[in-house]
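I have placed the structure first, in the form of C-alpha cells, so that the comments after it can refer back to it.
All of the numbers you see were taken from the coordinates with simple rules; none came from a lab. Owing to the predicted nature of the structure, the values given are computational and were not obtained by experimental measurement. Counting neighbours? That spans all protein chains shown, and the Cβs are built from the backbone with ideal geometry, glycine included.
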Amino acid sequence: MITAILTIILWQIFSLRTVLGIYPILPATIVNLLFFLESHYILKQPVGFSSLKEPLAVKIIRQERERKGLTLFRDLKNFNIFKYWESTLPNQEITYSYVGIFILISMFSSLYTTSGSRIMNHLEIYNIIYHTTLITAAILITYPLWSLKFQKNYIISLSWFVATFVILIFFGSLLVISSSFDQLQLMCSIINLFIIATIFRWQATLLMTVTGVFASIEFYKYFMDEKLLISINSFQFKVVYS
C-alpha cells in the first residue's frame, strides 16, 4: 500500500501524467503488485507461491506418464522386427497346417472368380500370387512332419510372414481391387482379416491391415497400369452385406 501511495505522489510531482498521458493509478497498481511478490520471496514468508505444492495424485500421474514415455522410446530403439515376428509364431504346430489349408482355400477361391482376360493381361503378377500361395501353403501344411534338424526358426518365420501378411492381406486386397470389388473376393478378404485378428493382437492387426491395403493399392496403380475406380456406395453396401 505504501509503495502505491509513493508512486502516485512521485507521478504527480514529476507531472508524468501530462508527459505520458497515463493516470497514476495504473503504475501504482503495478508497482504495488511487484513489491508484494518480491517481499514474499525475499523475506521467505511461508504464505505465497512457493508454498503451492503439486498434489500427490498429479505428481504420480506425471511420473507414470514419463515412465511410459521412456519405456516406449526404449522399446522403439531396441525393436527388432525378426525377434518380434518369431514371438508371434503359434505354440502348436498344427496351427501352421490349419493356416496353410485356409490360405489355399481363400486364395484359390478368389483366383477362380477372376476373369480369364484379366489374368492374361497380368499373367506374371497372377503367376507370382499362384506360386507364392502354393509354396507357402505346402510349407505350412507339412511343417509338423519335418524332422527337427529342418525345423529352423528363420524358415517358418519367413513362411509365417508370407502367409499372414503377404498372402492374406496384401494379395487378398490386391485381388479384391483388381476384380472391381467382386462380392466373393471381398467376402474372402474380410474373412482373411478375421483370421489375422484371431492370430495377432489388435495393434499388430491394425498396422498390418493398413500397411497391406495401402501397399496393394499402390501396387495396383503402378504395376497393373489401371485407374482405381471405386463406387463408394457400392463398396459400403458390399462390406455391410458381407
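Of the residues G172, M208, N127, the one whose Cα sits farthest towards the positive end of the charge dipole of segment 93-241 is M208 (charges of +1 on Lys and Arg Cβ, -1 on Asp and Glu Cβ, taken about the Cα centre). Does segment 113-209 classify as rounded, prolate or oblate by the C-alpha gyration tensor (a ≥ b ≥ c root eigenvalues; a/c under 1.5 gives rounded; else a/b over b/c gives prolate, otherwise oblate)? Taking the square roots of the gyration eigenvalues as a ≥ b ≥ c, segment 113-209 is oblate.
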